[in-house]
Amino acid sequence: MELINEERTNELLQSQTHVWNHIFNFINSMTLKCAVQLGIPDAIHKHGKPMTLSELVSSLPIHPSKTQYVHRIMRILVHSGFFSQQNLNGGPNQEAYFLSQSGRLLLRDNPLSMRPLLLMVLDPALTKPWDCLSTWFQDDEVTAFSVAHEKTVWEYAGLDPRFNNLVNDAMASDSILTSKLVVSKCKGIFDGVNSLVDVGGGIGTMAKAISEAFPHIDCTVFDLLHVVSDLQGSKNLKYAGGDMFEAVPPADALLLKGILHNWSDEDCVKILKRCKQAITRKGEQKAGKVIIIGMVRGNQNGGEESIETQLFLDLQMMVLATGMERNEKEWAKLFVDAGFLNYKIHPVLGTRALIELHP
């Protein structure tokens, strides 16, 4: 048997740990999902001060036989940074939990809550395709999602009200923080805009924020009929159903938030061409603009952690749809192929950016 020197031994053991941690990485996500479903962040927040383990256990809807396991769930969530611990009065068994800033983003009633996004992404409907990824690489199915469910993610949402609601809630929650940043940090982008269409705008979270911040802008949320059919507009906000591949309602500005990363280059060019038609009106010399909110891969404005986020979401788009997260060169090619001449990237949204596009 070959002897291994000490340096080689340390290297192998570190590598073994690295592999272990990636094998078990899903445990972080699933433990976090469990905590959210049990209401752990909400229980600690409602308590109003650091909460002891016994207080936490008594507040949770769990079977008496499972109380002994709660501290093990909390141990990993403290390690992951969603909760913190402090010792009360220095006594034994007086460790108490409180929420970190990340944990606050999982509260049910937090206006900026990411809870709906977590519940959507970790829903079995979206985790099952990952189990089919190697199968997808070996056959001619368009996506791993279609391998798992025998239909596209859009068809699946149209047929399953539960999943459709998950998607709508997740997209709405994702839009709340973005909308606040856009209307406060990017006000100038709406100068001269009197009408706006939020293309693929879901239940209208972004458009509502814009319509409230800029009452002179007539806003329209444009999405598939099953998404908007039961939604009611108000004042300067209305809803319209349709297919963005066929036509987009005309306006001074079109908003595409988190849309183009879902689609292949060919489909993105089709969408952008429809947008170009919608902002270029007959008899008017000045055309409107397209406002894109999405990732520019390689943008390090959000730090090293944001690069990992970009890589995760790029694969998510590959597995669920036909799209990708694009770098600036890839974005620029789409714009040119769709007939646009000028674009400007505003890296003001952390991991994402706002792109202003003119024909």
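A few comments on the model shown:
- Taking 7 Å steps out from each Cα toward its Cβ at HIS358 and ARG104 produces label points 4.0 nm apart.
- Separation of alpha-carbon centers, the range 138-205 and the range 97-121, rounded to whole Å: 19
- Available extension along the chain between LYS180 and LEU60 is 39.9 nm, counting 0.36 nm per residue and deducting the alpha carbon span.
- Charge tally in the Cβ shell below 11 Å around HIS45, where Lys, Arg are +1 and Asp, Glu are -1, HIS45 excluded: +2
- Helix 6-23 axis, angle to the chain major axis (alpha carbon atoms, nearest 10°): 60
- Entry for Cα extents along the principal axes in Å (calculated from the structure that is shown) out of (i) 59, 44, 42; (ii) 63, 45, 31; (iii) 78, 58, 38: (iii)
- Taking the C-alpha atoms only, the angle from helix 26-38 to the longest principal axis of the chain is near 90 degrees.
- Between ILE307 and LYS333, the modelled label-to-label distance comes to 2.2 nm, taking each label 7 Å out from Cα in the direction of the beta carbon.
- Mean ellipticity per residue at 222 nm, deg cm²/dmol - from DSSP H runs of n ≥ 4 across the chain, formula -39500 (n - 2.57): -14500 deg cm²/dmol
- Relative packing of 230-242, 175-187, which averages over residues the other C-beta atoms within 10 Å, highest first: 175-187, 230-242
- Relative contact order (percent, whole number), the range 61-157, Cα cutoff 8 Å, 6+ residue spacing: 12
- Under 17 Å from the Cα of LYS235 - lysines, other chains or at least 8 residues apart: LYS208
- Pairs beyond 28 Å (Cα-Cα), from LYS185/LYS257; LYS128/LYS270; LYS185/LYS286: LYS128/LYS270
- For the pair VAL348 and ILE73, label points projected 7 Å from Cα toward Cβ lie 4.1 nm apart.
- Under the combined filter of DSSP loop state and at most 13 neighbouring Cβ atoms within 10 Å, the range 90-199 retains these GluC sites (Glu not before Pro): GLU150.
- Looking at the chain, the DSSP beta bridges with both ends there are about 50 percent antiparallel.
- With 0.36 nm allotted per residue and the present C-alpha distance subtracted, the VAL142-ASP265 stretch has 42.9 nm of extension available.
Throughout, read-outs are computed from the coordinates displayed, never taken from laboratory work. The structure displayed is predicted, hence computed values, not measured ones. In this analysis, Cβ positions are derived from the backbone assuming ideal geometry, glycine residues included, and neighbour counts consider all displayed protein chains.
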